[in-house]
Amino acid sequence: MSETVMSLEETAAFLERDFPQMNAGGRHFHLEAVGSLSARMRLDYHERHLRPGGTVSGPSMMALADYALYAAILSNIGPVALAVTTNLNVNFLRRPGPAALVAECRLLKLGRRLAVGEVAIRSQGGEAIVCHATGTYSIPPER
């Protein structure tokens, strides 16, 4: 696939419309880019995502990884709300700094029924990966 099926704007609008709970209580997730088998998403640094010690919590990083995977898949196959996560494996590599987190997602396989991807999460402005995730999504047979 060389081009996306949905543009950045179309993908972001779909996510806002079908998953408003992701930004309940204020907008914190921002889809920044979509491309052929890829997406980039940012999670704002906010106290609702922190754990004791002032670092972004594991569940917040897991949500960012999963949401970025979903955005990459949707932008490449179209608005399929019922594509679902079947596996998410997360490795927390280092403590993120007090900054927004940026997830770079790359789809490794995008088939008709299954999608597999990886996500590298970094503190905004940083080079070190703070979290690495791989995930698998099941795509419903009828799109």
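Each row is one residue, and each column tells you yes or no for (1) closer than 18 Å to Phe29 by Cβ; (2) touching a helix residue (DSSP H, G or I) at 6+ places or on another chain (Cβ under 9 Å); (3) without any contact (Cβ under 8 Å) to a residue 24 or more places away in the chain.
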| site | (1), (2), (3) |
| --- | --- |
| Pro52 | no, no, yes |
| Ser57 | yes, yes, yes |
| Tyr70 | yes, yes, no |
| Asn89 | no, no, no |
| Arg106 | no, yes, no |
| Gly126 | no, no, no |
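So Pro141 ticks every box in (1) surrounded by fewer than 20 Cβ atoms within 10 Å (Cβ to Cβ); (2) modelled with pLDDT of 95 or more but one. Which box is left unticked?
(2)
If you go through the stretch 119-138, how many residues are open to solvent by 40 Å² or more (accessible area, probe 1.4 Å) and of a type in the set (Gly, Ala, Ser)? Please lay out each step first, then the result.
If we filter the stretch 119-138 for residues that are open to solvent by 40 Å² or more (accessible area, probe 1.4 Å), which is where we start, we get 122, 124-125, 127-129, 132, 134.
Narrowing further to those that are of a type in the set (Gly, Ala, Ser): 125, 128.
The qualifying residues number 2.
For the stretch 1-118, please list each of the strands (runs of 3 or more DSSP E) lying entirely inside it that holds at least 3 residues being under 27 Å from Pro140 (Cα atoms) and open to solvent by 50 Å² or more (accessible area, probe 1.4 Å).
Numbers: elements: 29-35, 38-43, 84-92, 101-110.
It comes to 84-92, 101-110.
Could you list, in sequence order, all residues of the stretch 38-94 that are β-branched (Val, Ile, Thr), under 15 Å from Glu16 (Cα atoms) and touching a His at 6+ places or on another chain (Cβ under 6 Å)? Spell out how you get there, then give the answer.
Of the residues in the stretch 38-94, the ones β-branched (Val, Ile, Thr) are 55-56, 73, 77, 80, 84-86, 90.
From what's left, under 15 Å from Glu16 (Cα atoms): 80.
Listed by number, the list is empty, since nothing qualifies.
Exactly one of (1) over 11 Å from the mean Cα position of the chain (by Cα); (2) hydrophobic (A, V, I, L, M, F, W, C); (3) farther than 15 Å from Asn76 by Cβ is unmet by Ile139. Its number?
Evaluating Ile139 over (1) over 11 Å from the mean Cα position of the chain (by Cα); (2) hydrophobic (A, V, I, L, M, F, W, C); (3) farther than 15 Å from Asn76 by Cβ leaves (3) as the failure.
The values are calculated or read from the model by the stated rules, or taken from the named source; none is laboratory data. Computed from a predicted model, the values in this text were never measured in an experiment. So basically every Cβ, Gly included, is an ideal-geometry build from the backbone, and we count neighbours across all protein chains shown. Keep in mind that these areas ignore ligands, DNA and RNA; they rest on the heavy atoms of the full protein, side chains included. Shrake-Rupley method; radii C 1.70, N 1.55, O 1.52, S 1.80 Å.
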